[in-house]
1. Does residue 245 count as within 20 Å of the chain's Cα centre (by Cα), surrounded by fewer than 24 Cβ atoms within 10 Å (Cβ to Cβ) and within 19 Å of residue 311 (Cα to Cα)?
2. Confirm whether residue 74 is in a loop (DSSP other than H, G, I, E, B), of a type in the set (S, T, N, Q) and either at pLDDT 95 or above or on the phi > 0 side of the Ramachandran plot (or both).
3. Got a sec? Which strands (runs of 3 or more DSSP E) wholly within region 85-126 have at least 1 residues that are open to solvent by less than 20 Å² (accessible area, probe 1.4 Å)?
4. Could you please find all residues in region 209-240 being among the aliphatic types (A, V, I, L, M) and either surrounded by 17 or more Cβ atoms within 10 Å (Cβ to Cβ) or more than 18 Å from residue 267 (Cβ to Cβ) (or both)?
5. Would you confirm, using the coordinates I've provided, whether residue 406 is touching a residue at least 24 places away in the same chain (Cβ under 8 Å), on the phi < 0 side of the Ramachandran plot, open to solvent by 60 Å² or more (accessible area, probe 1.4 Å) and in contact with a helix residue (DSSP H, G or I) (Cβ under 7 Å, 6 or more places away or on another chain)?
6. Restricting attention to region 155-195, report how many residues are at pLDDT 95 or above and of a type in the set (Asp, Glu).
7. Go over the candidates 206, 152, 169, 157 one by one and state the one that is open to solvent by 10 Å² or more (accessible area, probe 1.4 Å), out of contact with any strand residue (DSSP E or B) (no Cβ under 9 Å at 6 or more places or on another chain) and on the phi < 0 side of the Ramachandran plot.
8. Could you please give the count of residues in region 34-67 that are closer than 15 Å to residue 119 by Cα and polar (S, T, N, Q)?
Amino acid sequence: MTIAPQAAAYRPHTAIATLQDRMADPVTAADFPKTILRFRNRRWDEAVGLDGLTDDQWIAHFGRFEPLPDNLPQPLALRYHGHQFRNYNPDIGDGRGFLFAQLRDGAKEYPGGRLLDLGTKGSGQTPYSRFGDGRLTLKGGVREILATEMLEALGVETSKTFSLIETGEQLQRNDEPSPTRGSVMVRLSHGHIRIGSFQRLATLGEADTMRDLVSYVLTELYGEVPGNAPAGQLLDLVCRRTARLAASYMAAGFVHGVLNSDNINVTGESFDYGPWRFNPTWAPGFTAAYFDQQGLYAFGRQAQAIHWDVVQLAIALRSIAEAEELAPALDAWSDHYEAEAAATICDRLGIAPRGDAHDLALLQAMDVALQRSNVGIDRFFFDWRGGRRRGPSPADEVYEGEDFADFRTAIADYRSTGSLDHDYWSDAAPCSMLIDEVEAIWSAIDTDDDWAPLESKVQTIRRMAEAMRS
């Protein structure tokens, strides 16, 4: 389950200080012509003790990047490498973002709360910008709000869009009508350490820093005491978390689009949303990125892609550990994924898992039914919430047909969990986030500077989340 925001005092904790000289470069934020506050995450600002900021103070910190009290005195651009579409690239790093602050939240699931990072996107050039301008389009920021809100509601561990500020700049892009409006975004994440962070250290032969990074992640991000085999200990945790991430993408019907190793957080938290899409139907070959010509990161190949990235972490950790220490965790990844696939699908259906054989039969029957019938993913989970077909639905005739025969049999003995009392379950249609609505929300902003559809959609998503967790 994802961790809900829990109110807490502001508690800065700059744990990265022990590593920053070896893993990051101090940078300066861009000086923007304007700073217009467009989105402030009032669900999560109180979880890190920043709910008391006025809007002017908010803009000063997250548009002008004045340091937060007792926090990092200067932003840090993190260094990393990564495989991008299976090609190793040593010339990357934080090219249009930086780590701005670190602080603890009020999560009771972690002793003392989780260590969270406030990181940016579109905050200006860094040593890793290459030929980029270091900026973020306003459309890109709006899309990230929609992705993170929807994923959080559907139970995916995801970064949170914390702030979006329009910058008054006109940007040139090849994939958007240009010039287009600029923005700077701040995301709240459970760490910014990527698989690519470890790959860089392995490539450069920095074994001592690798050991220190393993200890940092275990101690600061997982709340674990490093044992006698810390590399294997870390890999086991990453395998478990990334298996759940891959499974939760499928249950959400989500396609990230760019599952490169520099885009995989070692906490298993999803982040960095570019060409994402929600899949309209259960189509395994559906892709989000127009440049993914081979379908490497297609809907049905995401588990394979994430597992491949985790293998690259294991390869990097071989620089400080023997294969025998790492192999058990890696070998267990597929078993973790199967278990998490059952758990996440059952969670979205609102039913209690029954055990491996029953759950596997249910998932197989669901997979066949959805592929054959072409019923919308959101429609299906809405209509079968609680393990029984609720109606009336436009898909009733399909549900009664041969395509769903095995699924009807498989789900019959499952027990409902939770409640269907929330008025959301009486709506005529489920809340969805398909591309046509995303474009319509952006068009209202772009054409008429009308932010009401975005604000309304965020509230609609949060209402669905309340219903699913009741």
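The values are calculated or read from the model by the stated rules, or taken from the named source; none is laboratory data. Please read these numbers as outputs of a predicted model, since none were measured by experiment. Here Cβ is always computed from backbone atoms with ideal geometry, including for glycine, and neighbour counts include all displayed protein chains. Side chains are part of the model used for accessible areas, which takes the heavy atoms of the whole protein and leaves out ligands, DNA and RNA. Shrake-Rupley method; radii C 1.70, N 1.55, O 1.52, S 1.80 Å.
1. Working: within 20 Å of the chain's Cα centre (by Cα): yes; surrounded by fewer than 24 Cβ atoms within 10 Å (Cβ to Cβ): no; within 19 Å of residue 311 (Cα to Cα): yes.
In short, no.
2. So residue 74 passes the test.
3. On the way: elements: 87-89, 99-104, 115-121.
The qualifying strands (runs of 3 or more DSSP E) are 99-104, 115-121.
4. Selection gives 210, 213, 214, 217, 218, 221, 229, 231, 234, 235, 237, 238.
5. It is true that residue 406 is touching a residue at least 24 places away in the same chain (Cβ under 8 Å), on the phi < 0 side of the Ramachandran plot, open to solvent by 60 Å² or more (accessible area, probe 1.4 Å) and in contact with a helix residue (DSSP H, G or I) (Cβ under 7 Å, 6 or more places away or on another chain).
6. Residues flagged as at pLDDT 95 or above and of a type in the set (Asp, Glu) within region 155-195 amount to 3.
7. Unique residue meeting the criteria: 206.
8. Number satisfying all stated conditions: 1.
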